[in-house]
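Chemist: Before I ask anything, here is the structure I am working with.
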Amino acid sequence: MLIRTTPPMRASEITDEPVYLRRREFIRLAGSAAVAVGAAPLLQACAGGDVSADFAGTDGPAVAAGQTPLTNVKPKVVTTDEKLNTFNEITSYNNFYEFGQGKDDPQRYAGRMTTSPWKVQIDGHCNKPAEYHLEDLIRPHQLEERIYRLRCVEAWSMVIPWVGIPLADIIKRAEPTSKATFVAFTTLYRPKEMFGLNEPVLDWPYTEGLRMDEAMHPLTILSVGLYGQTLMNQNGAPIRLVVPWKYGFKSIKSLVRIQFVDRMPQTAWNKSNPREYGFYSNVNPEVDHPRWTQATERRIGEFRRRPTLMFNGYGDEVASLYAGMDLRKDY
Amino acid sequence: MQKLAKPIVFVLAVAPFLWLAFRAYSGRLSVNPIEDITLTTGIWTLRFLVITLAVTPLRRITGWNRLIQYRRMLGLFAFFYATLHVATYVVLDLFFAWDLILADVLKRPFITAGMVAFVAMVPLALTSTRGWIRRLGRRWQLLHRLIYLSAIAAVVHYLWKVKVVVGSPVYYAAIVAALLLFRIAWMWRARRRSALQAADA
């Protein structure tokens with residue numbers, strides 16, 4: 001899919017550097033943006049225990065049918081010493097209601113979705129609205145490896161080595177006007193290939209939204225791959241949002257439209273049940289889902305539950321976005 | 001054939017458990033096996049509650065009174081799967097974190113409902129023996145109407161648990177409602193009949 005210029009990055013190359021030992025988290029993001037959001041230290045590292053952040057202990061990354069290796073990926077832009085979830089775990093346990101509500105449904109049925117050619121429409125309050133072929137949207141930008149925790153609202157979590165580009169890069173290209181205070185996102189709506197759309201589970205198509213500063217935050221990415229390969233359909237191929245400090249459902253999959261809007265956009269889960277799914281939906285162990293606790297989570301592959309971290313552990317980077325807000329009210 | 005019927009029902013009823021155990025043992029569960037075990041034991045509890053509740057209406061409609069022979073076993077299987085379900089939650093999911101469990105049961109309506117469904121089944125299982133049936137006499141039947149509470153609470157538990165109320169939880173709620181409505185209708189009919197007979201006399 002993407003033009004191949006150098007040999008594919010092997011998993012073993014992007015891990016296992018002793019220099020990162022004894023560091024729990026390592027985040028090197030675009031400098032200016034990081035300063036803008038008040039995360040002044042460009043190089044963040046907290047002291048941690050023993051570390052083994054290599055892929056060696058995992059069974060990924062196998063190349064599945066339809067996947068292409070991604071080349072020229074800037075490694076370790078964000079990484080962690082936490083054990084990565086395996087390729088099998090990441091691709092066999094998904095929520096993608098367009099393909100059914102079972103966790104294994106997306107793996108089974110998402111293959112029916114055609115992802116090439118793929119167009120993304122960018123419009124709304126911006127100077128350069130356009131409809132891009134996926135390749136044209138991504139090509140001008142540097143692909144980066146971002147190893148993020150993903151915390152599902154259902155209280156399970158994974159660690160996933162995404163490949164993508166900062167959403168901010170795309171937003172800057174579109175030149176949003178001062179009216180653009182929010183960004184609205186839409187998933188593909190193609191009932192013939194996505195049978196879940198024939199059931200009134202949510203108000204289809206799936207929609208999501210971010211405040212402009214959230215969308216511009218350097219941690220927010222558009223992902224086109226994981227484990228060095230293009231995305232599998234069940235993970236939201238060919239392009240999806242990843243917002244690591246919010247519950248997983250905010251990270252909308254199989255994206256076809258990015259729209260700059262002047263008010264808080266309606267989002268699929270919020271429309272379905274506003275009391276349970278707020279617009280912000282930041283990971284917050286102190287604000288329970290009305291029906292279950294968010295204080296702990298089960299990391300897929302682990303037996304015991306572990307405590308959930310505020311902002312999914314990205315508080316140093318993102319807490320300032322919400323300064324002065326009551327996160328119990330704006331959940 | 002008649003002699004074989006009960007063992008066959010027993011084997012069929014235990015099969016979902018054996019299949020689950022086999023899947024767990026051979027690594028055929030999903031990457032979140034605790035969730036698989038919870039969901040499987042939960043749904044089979046509900047299925048056996050429904051099957052148990054269906055015995056009486058089926059008997060009345062078909063006149064096939066032999067069905068009553070299987071009711072106790074079916075009810076005990078509902079309790080068996082419910083016990084596994086609760087044990088999965090206490091042991092595998094929360095690993096005996098009693099403070100969390102207590103908070104869950106008190107604070108979360110869906111878990112409260114599930115716990116009500118389970119607790120209501122305990123006295124039914126304990127008094128399912130011939131000795132207790134004899135000892136309790138008419139009160140036995142009264143006590144065993146707790147299964148209605150159990151079934152309603154189980155359905156509410158399921159409806160409250162899912163993120164979007166469509167499909168399976170709705171079907172189970174409808175089936176339980178139908179089985180309970182049948183009883184109410186039957187009771188009314190019996191009353192009207194006895195009233196008519198009284199008028200005739």
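Values quoted throughout were computed directly from the atomic coordinates according to the rules given, and no laboratory measurement underlies them. Because the structure is predicted, anything quoted here is derived from the model rather than measured. Quick reminder, even Gly has a Cβ in these numbers, built from the backbone with ideal geometry, and neighbours come from all protein chains shown.
Chemist: For the pair residue A:72/residue A:121, report the inter-label distance in nm, with labels modelled 7 Å from Cα in the Cβ direction.
Modeler: Taking the two extended label points, one gets 3.0 nm.
Chemist: Expressed as cubic angstrom per residue, what is the convex hull volume of the alpha carbon set of the protein assembly as shown?
Modeler: Taking only Cα atoms, the protein assembly as shown has a hull volume of 197 Å³ per residue.
Chemist: If the viscosity is 0.692 mPa s and the temperature 37 °C, what Stokes-Einstein diffusion coefficient in µm²/s follows for region B:2-200 when Rh is the Kirkwood radius over Cα pairs?
Modeler: 177
Chemist: DSSP loop (so not H, G, I, E, B), at most 11 other Cβ within 10 Å: list which trypsin sites (Lys or Arg not before Pro) in region A:242-322 pass both filters. Please report the intermediate quantities before stating the final value.
Modeler: Values: sites: A:246, A:250, A:253, A:257, A:263, A:271, A:275, A:291, A:298, A:299, A:304, A:305; in loops: A:253, A:263, A:275, A:291, A:304, A:305.
Answer by residue number: A:263, A:275.
Chemist: Leaving out same-chain residues fewer than 8 places away, which lysines sit with a Cα under 17 Å from that of residue A:253?
Modeler: Result set, ordered by chain and number: A:103, A:119.
Chemist: Suppose only helical runs count, i.e. DSSP H with n ≥ 4. What mean residue ellipticity at 222 nm does that imply for chain B under -39500 (n - 2.57) per run, divided by all residues and rounded to the nearest 500 deg cm²/dmol?
Modeler: -27500 deg cm²/dmol
Chemist: Roughly what angle does helix B:68-87 make with the longest principal axis of chain B, taking Cα atoms, 0 to 90 degrees, to the nearest 10?
Modeler: The angle comes out at about 30 degrees.
Chemist: For a Förster distance of 51 Å, can you work out the FRET efficiency between the beta-carbons of residue A:133 and residue A:288, rounded to the nearest 0.05?
Modeler: 0.75
Chemist: What is the spin-label model distance, in nm, from residue B:149 to residue A:330 if the labels are put 7 Å beyond Cα along the C-beta direction?
Modeler: Calculated label separation equals 4.6 nm.
Chemist: Give me the Kirkwood hydrodynamic radius of region B:1-81 in Å, from all C-alpha pairs, to one decimal place?
Modeler: 13.9 Å is the Kirkwood radius here.
Chemist: Right, something else. So how tilted is helix B:33-62 from the main axis of chain B? Cα-based, degrees 0 to 90, rounded to 10.
Modeler: Rounded to the nearest ten degrees, it is 10.
Chemist: Still on this structure: Near residue A:271, which aspartates and glutamates are there with a Cα under 20 Å away, not counting those fewer than 8 places off in the same chain?
Modeler: Filter leaves A:98, A:154, A:199, A:203, A:208, A:262, A:288, A:330.
Chemist: Evaluate the distance, in nm, between pseudo-label points positioned 7 Å from the Cα of residue B:129 and of residue B:66 along their respective Cα→Cβ axes.
Modeler: Using points 7 Å along Cα→Cβ, the separation is 2.9 nm.
Chemist: Could you tell me which of B:69, A:78, A:197 has its Cα farthest along the dipole of the protein assembly as shown towards the positive end, charges placed at Cβ (Lys, Arg +1; Asp, Glu -1), taken about the Cα centre?
Modeler: B:69
Chemist: Here is a follow-up. Taking amide H atoms as placed 1.01 Å from N in the peptide plane, list the residues 5 or more away in sequence, or in a different chain, whose amide H sits under 5 Å from that of residue A:148.
Modeler: A:160, A:162
Chemist: Additional query: Which residues' amide hydrogens lie under 5 Å from the amide hydrogen of residue A:258, considering only partners 5 or more residues apart or on another chain, with H built in the peptide plane?
Modeler: A:121, A:122, A:123
Chemist: Shifting gears a bit: Please go through region B:1-62 and write out the trypsin sites (Lys or Arg not before Pro) that DSSP classes as loop and that have at most 15 other C-beta atoms within 10 Å.
Modeler: In loop regions of region B:1-62 (DSSP not H, G, I, E or B), the sparsely surrounded trypsin sites (Lys or Arg not before Pro) are B:28.
Chemist: While we're on this one: So how tilted is helix B:168-200 from the main axis of chain B? Cα-based, degrees 0 to 90, rounded to 10.
Modeler: Between helix and principal axis, roughly 20 degrees.
Chemist: So which of A:83/B:107; A:172/A:192; A:172/A:246; A:76/A:128; A:74/A:179 end up more than 25 Å apart by C-alpha? The partial results should precede the final answer.
Modeler: Numbers: A:83/B:107 33 Å; A:172/A:192 35 Å; A:172/A:246 23 Å; A:76/A:128 32 Å; A:74/A:179 34 Å.
Over 25 Å apart, Cα to Cα: A:83/B:107; A:172/A:192; A:76/A:128; A:74/A:179.
Chemist: Hey, got the Cα dimensions of region B:63-181 along the principal axes, in Å, largest first?
Modeler: 42, 32, 21 Å, listed from the longest principal axis down.
Chemist: Using alpha-carbon positions, what is the distance between the centroids of region B:107-157 and region A:313-330, in Å?
Modeler: 46
Chemist: Mind listing the long-range amide H neighbours of residue A:296? Cut-off is under 5 Å, sequence gap 5 or more, other chains count too, H placed in the peptide plane at 1.01 Å from N.
Modeler: A:308
Chemist: Within 10 Å of each candidate Cβ there may be at most 14 other Cβ atoms; applying that plus a DSSP loop requirement, which trypsin sites (Lys or Arg not before Pro) in region A:175-213 survive?
Modeler: A:179, A:192
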